Amino acid sequence: MARRFAMRGGFTLLEVLFAALILGFGLTTILVSMSQSQRMMLSSTYLETAQEVMDLGDMAYPLSDVQDPDKDLDVPETKATELWDMIAGKNARLTRAQEEKFHGYTWEREALNRKDSDEDLKRLGYLYTVRVTVRWGDRRRGNGEEESYITFWRKPE
């Protein structure tokens, strides 16, 4: 008598393991992508706030008001909240959300070629190279970040 083997429906252990492996790779890829997206969103938030602080600094210390590059061009590191107070006045207070947003941000402006010889400055037409820098984060722990831009300012005649 010949025995007949009936075909059973279902998956073999090898097929299930292979499907689980593919599913695991797919989920890992999705989780890594989400983590990178979150990091990029946080970074863009920091950069957006840095741009706002740059604007605050430019409004508080406009280059158009500079008369003497030795006295007025360099501005020491200033907290963003102090810049806000200079622009808005003491009566206009920051909201709690704004204070949290600007906490730890500083603004600074320096002339890079202010100490050049008078002859070199005259040759350049008294054109000064000015760097504006915004810093944030915990610099003591090595987590500080900064963003800067370069602009030019010509001494009024």
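We did not get these values from a lab; they are worked out from the coordinates using the rules stated. Computed from a predicted model, the values in this text were never measured in an experiment. Glycine also receives a Cβ, built like all others from the backbone with ideal geometry; neighbour counts cover every protein chain displayed.
Compactness of the range 26-157 is given as radius of gyration and Dmax, 18.9, 67 Å, from Cα positions. How would the range 109-157 be classified by its alpha-carbon gyration tensor: rounded, prolate or oblate, with rounded meaning a/c under 1.5 and the a/b versus b/c comparison settling the rest? Prolate, since a/c reaches 1.5 and a/b exceeds b/c. Applying both filters, DSSP loop and at most 13 other Cβ atoms within 10 Å, to the chymotrypsin sites (Phe, Trp or Tyr not before Pro) of the range 1-107 gives PHE5, PHE11. Restrict the search to the range 125-157; then list the trypsin sites (Lys or Arg not before Pro) that DSSP places in a loop and that have at most 15 other Cβ atoms within 10 Å of their Cβ. Loop-located and lightly packed - ARG139, ARG140, ARG141. For the chain, find the longest principal axis of its Cα atoms and tell me its angle to the long axis of helix 13-60, 0 to 90°, nearest 10. Once rounded, one gets 10 degrees.
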